[in-house]
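S.K.: Okay, handing you the structure first.
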Amino acid sequence: MSQIKYETESDMAAFLDPTYGHGLAATYTRNGVNTSLNLILNEEYVELDEGSGVEAVQPIAYCRSVDIPSVKHNDTLAVSAYKDVNGNILKAATNYKIVNVQKDFKGFTALVLEEQ
Amino acid sequence: MALESAADFSSYVDSSVGFGITGTFFEVQSVLWDSRPGLIDTWYDIDSGASQNISLIMDEDYFAIEGNSIAAEGYQPRATLKASDAPYISHQDKLLVNAVTTDQGNVIKPETTYLVVEVQPDNVGMLTLVLEEAA
C-alpha cells in the first residue's frame, strides 16, 4: 500500500474551502442518500454546433475523490448560490445531474454536469 | 555528460516523501519467444520470470473514447520508473501497483495489475510504460 505524501486530505479540503477559497458548498445525492461536500464549479463557455454558434456553458465540478467514492452517472449535485463578498448572488443555487466522471487517481474527481 | 546520479533517479520516484508509489514488476515471460508473433527477445533480453519491488509514478489521464453516438469514458495508465529497475522489460510483462491511499487511509485507487503494452525508454535513465489493466 502506498500513501500519497504530497497532499493530505486536509490540504485537499483547503483547496475547496468555501469560506476563504474558491469552493462552494453542495449536496451530493446518490440512491437517495445526501452527502454534504465542497467543490469548485467551473462553467466555461462552449460553442455548440460550431459554425452556427449556439451559446452554451459546460459546468464541471471538481471534488475530493474521498467525498464521492462511488460516484456514478445520474447522481445529482445541488450546488449553493455563488455570492460575492457582499452577499450579492452571482449565480443562483442550481441542481445538476452528473453525466461524466473523470478521476485523476491522485485525490480529485472532475464531474461533468448537466443543469436540471 | 554526467547529469544525474542513481540517487537522483531514485528521488524522482521516492514513495516516502515524493510523488512515487510502490509496486512489483514481474518478468512474466519465461520463454525465449515473445507472445507477439515474429518477435524474439534478444540475448540480453530473455525474460527471467523474476520479480522486483519498485517505486514508480502513475499517471492515468482521462480520455474520451469516441463512439458512433456518445463517447465512453476511458483512462490511459502510464508508469514512469527508473530504467535500472526494469532492464529487460518487454511487452506483456506485469506490473502490480499497490493501493494508493490518503493520509487518513481512504483508498484513492485500489491495488491494480497492469500489462505492459508499450515501452518508451528516454535512454537517459527513465522509462515510461504504457499499460493496460489486466482482466
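S.K.: How many residues are under 18 Å from the mean Cα position of the chain (by Cα), among the β-branched types (Val, Ile, Thr) and over 18 Å from A:Asn100 (Cα atoms) if we restrict to segment A:22-63?
M.R.: 2
S.K.: Still on this structure, please answer the following. Among the residues of segment B:56-115 satisfying the criterion of being facing chain A (nearest Cβ under 9 Å) and among the β-branched types (Val, Ile, Thr), which is nearest to B:Glu132 (Cα to Cα)?
M.R.: Among residues in segment B:56-115 that are facing chain A (nearest Cβ under 9 Å) and among the β-branched types (Val, Ile, Thr), the one nearest to B:Glu132 (Cα to Cα) is B:Val97.
S.K.: Let me ask you something else. I need the full set of residues from segment A:58-69 which are within 14 Å of another protein chain (Cβ to nearest Cβ) and either over 14 Å from A:Gly107 (Cα atoms) or of a type in the set (Lys, Arg) (or both), in order please.
M.R.: Scanning segment A:58-69 gives A:Gln58, A:Ile60, A:Arg64.
S.K.: If you don't mind, another one. Using the structure shown, decide if B:Gln52 is part of a loop (DSSP other than H, G, I, E, B) and farther than 20 Å from A:Thr109 by Cα.
M.R.: Working: part of a loop (DSSP other than H, G, I, E, B): no; farther than 20 Å from A:Thr109 by Cα: yes.
The answer is no for B:Gln52.
S.K.: Is segment A:27-41 home to any residue that is within 14 Å of chain B (Cβ to nearest Cβ) and in contact (Cβ under 8 Å) with a residue 40 or more places away in the chain?
M.R.: no
S.K.: In this structure, does A:Glu47 turn out to be among the charged types (D, E, K, R) and in contact (Cβ under 8 Å) with a residue 60 or more places away in the chain?
M.R.: So A:Glu47 does not fit the description; no.
S.K.: Please enumerate the residues belonging to segment A:74-116 that are of a type in the set (Lys, Arg), within 14 Å of chain B (Cβ to nearest Cβ) and within 20 Å of A:Gly21 (Cβ to Cβ).
M.R.: A:Lys106 - this is the single residue of segment A:74-116 that is of a type in the set (Lys, Arg), within 14 Å of chain B (Cβ to nearest Cβ) and within 20 Å of A:Gly21 (Cβ to Cβ).
S.K.: Looking only at strands (runs of 3 or more DSSP E) that fall completely inside segment A:1-101, which ones have 2 or more residues that are closer than 20 Å to A:Val112 by Cβ?
M.R.: So the answer is A:24-30, A:33-48, A:54-64, A:76-79.
S.K.: Looking at segment B:5-39, which of its residues are among the β-branched types (Val, Ile, Thr) and modelled with pLDDT of 50 or more?
M.R.: Answer for segment B:5-39, where residues must be among the β-branched types (Val, Ile, Thr) and modelled with pLDDT of 50 or more: B:Val13, B:Val17, B:Ile21, B:Thr22, B:Thr24, B:Val28.
S.K.: A further question on this structure: Can you work out which of the residues in segment A:49-102 that are of a type in the set (Asp, Glu) and within 21 Å of B:Ala72 (Cα to Cα) is surrounded by the most Cβ atoms within 10 Å (Cβ to Cβ)? I'd like the intermediate steps shown before the answer.
M.R.: Step one: list which residues in segment A:49-102 are of a type in the set (Asp, Glu), which gives A:49-50, A:55, A:67, A:75, A:84.
Those still in the list that are within 21 Å of B:Ala72 (Cα to Cα) too: A:49, A:75.
Numbers: A:Asp49: 8, A:Asp75: 20.
Result: A:Asp75.
The values are calculated or read from the model by the stated rules, or taken from the named source; none is laboratory data. Just so it is clear, the structure is predicted and the values come from calculations on it, not from any experiment. All Cβ positions, even for glycine, are placed from backbone atoms using ideal geometry, and neighbour counts span all protein chains on display.
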